[in-house]
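One structure below.
The values are calculated or read from the model by the stated rules, or taken from the named source; none is laboratory data. As the structure is a computational prediction, the values presented were derived from the model and not from experiment. In this analysis, Cβ positions are derived from the backbone assuming ideal geometry, glycine residues included, and neighbour counts consider all displayed protein chains. All accessible areas refer to the heavy atoms of the entire protein, side chains included, with ligands and DNA or RNA removed. Shrake-Rupley method; radii C 1.70, N 1.55, O 1.52, S 1.80 Å.
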Amino acid sequence: MPSMAPELTFTTFQEIDEIYSTLNKTFRSGKTKPIAFRKVQILQLAYLVQDNLERFKEAFAIDLGRPPLEASFLELDSTISDCKIAYDRVDKWARTEKAPFNITFAAFRPVIRKEPKGVVLSISPFNYPVWLALGPVIGAIAAGNCVVLKPSELSPAISGLIAELIPKYMDNDVVRVVLGAIPETSKLMEYQWGHVLYTGNGRVGRIIGVAAAKTLSPISLELGGKSPVVIDPKCDFKIAARRIMWGKCVNAGQTCVAPDYILIPRSSEDAFIRALKDVHDEFYPSGATTTPDISHIINLAHFHRLKNLLDSTSGTIAFGGQTDESRKFIAPTVVKGVKGDDSLMSDEIFGPILPVVPMDDVDAAIAYINAHDHPLALYCFSPNAAFKNKVFDNTQSGSAVANDVLLHCAADGLPFGGIGPSGSGYHTQGFTFDMFTHLRSSIDSPGWIDAILGARFPPYTPKKIASLGYFATKLPPRPRVSANGHGLVERRNNTKWLLLVLSLTVVGIGYTRGADVGEWVRWVKGLIGV
Ligand code: NAD
């Protein structure tokens, strides 16, 4: 039986002032800039997790009733792996980049310097309280910043453990944790930050966005929303049901990209629900209410929110539906015959309840998705490329995932972020590095360039105006009206090629007739202007 959640001691406003000023002082000292320093801190973060795996698992059990396998697979392993990736790649990520070659500007040696933004702030949520708290810290340090982490007060065991371990493993002048709730977060938002990353719900995202605007702090919002699953009746129901049930049950559905609801043709609804029930019985052979393999809901407020959703739906509970307030437990529940305007369809569910919404066809499913906020993830199960393309090409979402759920967040090299109301900005690995990095344009102009660009200086004589004409951009030919008269299409400029073919023909004829080849070549060059 896990022990009780600890009482968090919140950081005082005076301590927050001190933290902000210490970190700014450190940043100005240049301490965080050497790559070797960053690598040591990244490695220390990896050891912070690795040395304390059992304590983290225990904290997961307290805050979320999280089974140890899920604690490792979903967060602890991925955090260590993210540290290793950042450790291995930070030299490359931080390397100054040359601008693309352009004859006009080459002499200026234009480069992009990858520079830290300064002291950055990351506000993280309760649902993935290690990965989403420490992941941004890895990226922020890799980019050479100082960082303040504000973990969620709703997961006190994990947040308390992070606050205890960070000072033991990390440079305390570079990384600091602020514990608190709304007043402490609001206090933090009064400062100007090099960057603010907020991960959480859209309602609070709006508050954070407004606060950041007041200090002109750049901001990324990693939000949530309802992630739909579109089912092609030709897909393998067993495989689809297994993956969707897993995505819905893992962390008790408290995952930002959990499959939120299913859109399926009416005629396939019952067969698919049978597949979901088979998978459910396979996952929990002795019943969902007694299994140790399901997390609980984070707190009573969220438990009651979910219970109210179940109580007020006009759909029919196909299976599940059991709740236990004493354990904040809600059984995996599938609700059938749900209509688009049902109570289950208004907000992100963020719990183990899966509404199945029957639709006439895939066009109706696409229209439904497009009539609502752009989701963080859009899932489509189909063996058919045309079906998948139709769904993805005619919608917008943070990510487009075929035939699986959730795993795209962990795929190396893929950005993770929303679009519109599901968020803005990208994180994970190199993308978190980019978020916390300022691309500082830099040129170094040689003295002799004024022999070419001297015309930019007054007095602006006609001769100077004419000589700057050389730098004028030459556009492709003006687009022409399309054959059906409905739009503009590119006009292909074939003249040069036609002239070249014609000239080569002429040269060929001349050559075979014994003409002076040199003279022909000079004529052709003159003709095509080279
Ligand atoms: P939460 O309640 O833990 O809140 C997140 C953070 O906001 C906390 O640190 C909290 O202290 C702070 N906060 C809460 N209310 C505030 C207020 N009024 N003013 C200032 N700060 C405040 O977590 P949550 O928001 O309930 O988390 C769940 C949401 O996060 C879901 O919508 C989920 O989809 C989303 N999420 C998104 C991602 C992503 O990467 N896109 C990842 C995980 C979760």
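Phe10 to Asp91: extension gain in nm, 0.36 nm per residue of separation minus the Cα-Cα distance?
25.5 nm
Ignoring ligands, DNA and RNA, what percent of the 1.4 Å accessible area of the range 360-410 is carbon and sulfur? Present the calculation step by step, with values, prior to reporting the outcome.
On the way: 1090 of 2240 Å².
Carbon-and-sulfur percentage of accessible area, whole number: 49.
Over the range 201-349, what is the relative contact order in percent, taking alpha-carbon pairs closer than 8 angstrom and at least six residues apart?
22 percent.
Among the listed pairs Lys248/Lys388; Lys98/Lys214; Lys339/Lys390; Lys98/Lys463, which have their C-alpha atoms separated by more than 30 angstrom in this model?
Lys98/Lys214; Lys98/Lys463
Apply the a/c threshold of 1.5 to the C-alpha gyration tensor of the chain and tell me whether it is rounded, prolate or oblate.
It comes out oblate by the Cα gyration axes.
With a 1.4 Å probe and all protein chains left in place, how much of the accessible area of the range 1-52 comes from carbon and sulfur atoms, in whole percent? Write down the numbers at each step before the final one.
Details: 1900 of 3270 Å².
On the range 1-52, the fraction of accessible area on carbon and sulfur atoms equals 58 percent.
Counting only other residues whose beta carbon sits under 10 Å from that of Met245, what net charge do I get with K and R as +1, D and E as -1? Write out the running numbers ahead of the final one.
On the way: positive: Arg242, Arg243, Lys248, Lys277; negative: Asp278, Glu282.
With Lys, Arg at +1 and Asp, Glu at -1, the neighbours total +2.
Give me the one-decimal nm value for the distance between modelled label points at Ala385 and Val501, 7 Å along each residue's Cα-to-Cβ direction.
According to this spin-label approximation, the distance is 3.1 nm.
In deg cm²/dmol and to the nearest 500, what is the mean residue ellipticity at 222 nm of the chain if only DSSP H runs of at least 4 residues count, each as -39500 (n - 2.57), divided by the residue total?
-12500 deg cm²/dmol
Given a 1.4 angstrom probe, what's the average accessible area per residue across the range 227-412, in square angstrom? Each step should come with its number before you reach the end.
Working: 7400 Å² over 186 residues.
Computed with neighbouring chains in place, this is 40 Å² per residue.
The range 194-254 to the range 141-155: how many Å between their Cα centroids?
20 Å
In whole percent, what relative contact order does the chain give with Cα contacts below 8 Å and a gap of six or more residues?
15 percent.
Taking Cα pairs under 8 Å and at least six residues apart, what relative contact order does the range 1-137 come out at, in percent?
With pairs under 8 Å counted, the relative contact order is 24 percent.
Please report, ordered by residue number, every helix of the chain (full DSSP H runs) that is 15 Å or longer along its axis going by C-alpha atoms and whose mean Kyte-Doolittle hydropathy reaches 0.5.
Sorted by number, the helices that extend far enough and score high enough are 35-50, 131-142, 156-169, 202-215, 495-512, 517-528.
Accessible area of His372, 1.4 Å probe, to the nearest 10 Å²?
Number for this one is 80 Å².
Sorted by average packing, counted as other Cβ atoms within 10 angstrom per residue and highest first, what order do 382-393, 349-360 take? Each step should come with its number before you reach the end.
Working: 382-393: 15.4, 349-360: 22.9.
Taking the mean over residues of other Cβ atoms within 10 Å, the ranking is 349-360, 382-393.
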